[in-house]
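Asks: After the structure tokens below, expect a handful of questions from me.
The values are calculated or read from the model by the stated rules, or taken from the named source; none is laboratory data. Values in this document were obtained by computation on a predicted structure and should not be read as measured data. Here the Cβ positions follow ideal geometry from the backbone for every residue, glycine too, while neighbour counts run over all protein chains shown. SASA here: full protein model, heavy atoms, side chains in, ligands and nucleic acids out. Shrake-Rupley method; radii C 1.70, N 1.55, O 1.52, S 1.80 Å.
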Amino acid sequence: MMSFVGTIAIATAVLAFLVSMSIHKIEEGHIGVYYRGGALLKSTSGPGFHLMIPFVTSFKSVQTTMQTDEVKNIPCGTSGGVVIYFDKIEVVNFLSPDHVYETVKKFTADYDKPLIFNKIHHELNQFCSVHSLQEVYIDLFSDIDEHLKNALQTDLTTLAPGLFIQAVRVTKPKIPEQIRKNYELMEAEKTKLLISAQHQKVVEKEAETERKRAIIEAEKVSQVSKIQYEQKIMEKESDKKIADIEVQMQVNREKSMADAAYYKVKTEIEANKAKLTPEYLEMIKYEALAKNTKIYFGNSIPSMFSDNFLTLSKFDNSDKDEKKKI
């Protein structure tokens with residue numbers, strides 16, 4: 001009885017062990033691939049819990065989300081024979097879930113070693129071998145990441161169509177200490193030169209600003225002077241117009257007065273002409289005689305009247321002559 005109970009316990013333990021060995025979990029963002037007897041099975045599994053035959057079937061989890069592979073300590077020889085080292089190159093990539101089986105079948109589950117790590121070493125050495133230290137370290141350093149990305153993607157399009165390179169990040173390489181110090185000195189001098197050039201630009205800019213300010217001030221003074229000059233001209237023209245108007249008014253006034261005087265004289269002449277009628281002259285004559293009436297006494301009275309008559313006759317004739325002249 002005890003042996004039977006022990007057998008049941010052992011069988012239960014073994015069954016529990018086998019079940020635990022057959023259950024496995026695939027994380028989110030991964031695809032499970034299976035091997036049986038070392039051969040890759042066509043079946044794959046997604047995230048979650050799955051069963052497999054223990055000790056016969058094994059699995060590996062292949063990441064299908066964005067991942068970063070770090071390739072470290074890469075030696076590189078320049079065209080001048082100087083050996084430099086890149087501490088780290090990061091390759092951001094991802095594998096399409098639909099191409100997991102083909103990629104793993106061709107390059108195993110560690111596909112990134114032949115397709116990325118080895119390719120980075122190869123392409124970087126190819127790049128360094130045709131460029132000088134100056135170009136690799138300074139002039140063309142910013143182009144290395146793009147060159148590696150394009151080279152990797154070109155090969156992957158043929159070898160592993162489902163593997164895509166998102167970005168490549170390259171760190172500054174290590175160079176011999178003496179050369180590094182020379183570059184630092186060169187950079188220091190370049191920095192001084194840039195500072196000097198920048199200071200010169202600032203001085204030139206300040207001079208240009210001052211020149212523009214002087215031009216603006218001169219233009220301002222010129223415009224003010226022009227405005228004042230035009231204002232004075234306008235004032236003079238206004239004064240001239242006022243003077244002309246006053247002169248014209250005076251001329252018109254004098255002309256009006258002359259016309260009035262002429263009209264008065266003309267009217268008086270016409271009135272006098274109208275007065276100098278024979279009757280009017282006869283009346284004037286008798287009025288004058290009346291005013292000059294005198295009484296004479298003596299023997300010469302007849303001769304006096306005859307002389308007076310002759311005088312009046314002369315006066316009458318002279319009036320007629322004057323009337324004819326008028």
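Asks: Once label points are set 7 Å from the Cα along Cα→Cβ at both residue 239 and residue 102, what is their separation, rounded to one decimal in nm?
Replies: 10.2
Asks: State the number of lysine pairs found in the range 37-163 whose Cα atoms come within less than 22 Å, restricting to pairs 8 or more positions apart or on distinct chains.
Replies: 19
Asks: What ranking do 125-138, 171-184 get when scored by the average of other Cβ atoms within 10 Å per residue, highest first? Working shown, then result.
Replies: Working: 125-138: 16.7, 171-184: 12.7.
Packing order, densest peptide first, comes out as 125-138, 171-184.
Asks: Okay, moving on. Round to a whole angstrom and tell me the spacing of the C-alpha centers of the range 213-257 and the range 108-157.
Replies: Taking the Cα centre of each part, the range 213-257 and the range 108-157 sit 84 Å apart.
Asks: In addition: Highest first, please rank the peptides 157-166, 280-289 by the mean number of other Cβ atoms sitting within 10 Å of their residues. Mind showing how you got there, number by number?
Replies: Numbers: 157-166: 15.6, 280-289: 12.1.
Taking the mean over residues of other Cβ atoms within 10 Å, the ranking is 157-166, 280-289.
Asks: Follow-up. Calculate what fraction, in whole %, of the accessible area of the range 165-235 sits on carbon and sulfur atoms when a 1.4 Å probe is rolled over the protein chains. Walk me through the numbers before you get to the answer.
Replies: Working: 3570 of 6010 Å².
Carbon and sulfur together cover 59 percent of it.
Asks: Now a separate question. Using mean Cβ contacts within 10 Å as the protection proxy, how do 117-123, 229-235, 44-50 order, highest first?
Replies: Highest mean packing first, the order is 117-123, 44-50, 229-235.
Asks: Could you give the accessible area per residue of the range 131-213, probe 1.4 Å, as a whole number in Å²? Could the numbers behind the result be given before it?
Replies: Values: 5590 Å² over 83 residues.
Per-residue value: 67 Å².
Asks: Starting from the alpha-carbon convex hull of the range 46-152, give the projected area averaged over all orientations, in nm². Numbers along the way, then the final one.
Replies: Details: hull surface 34.6 nm².
Seen from a random direction, the Cα hull of the range 46-152 projects 8.6 nm² on average.
Asks: Local charge sum around residue 165 (other residues, Cβ-Cβ under 13 Å, Lys/Arg +1, Asp/Glu -1)?
Replies: On the way: positive: 119, 149, 169; negative: 69, 90, 112, 123, 145, 146, 155.
Combined, the nearby Lys, Arg, Asp and Glu give -4.
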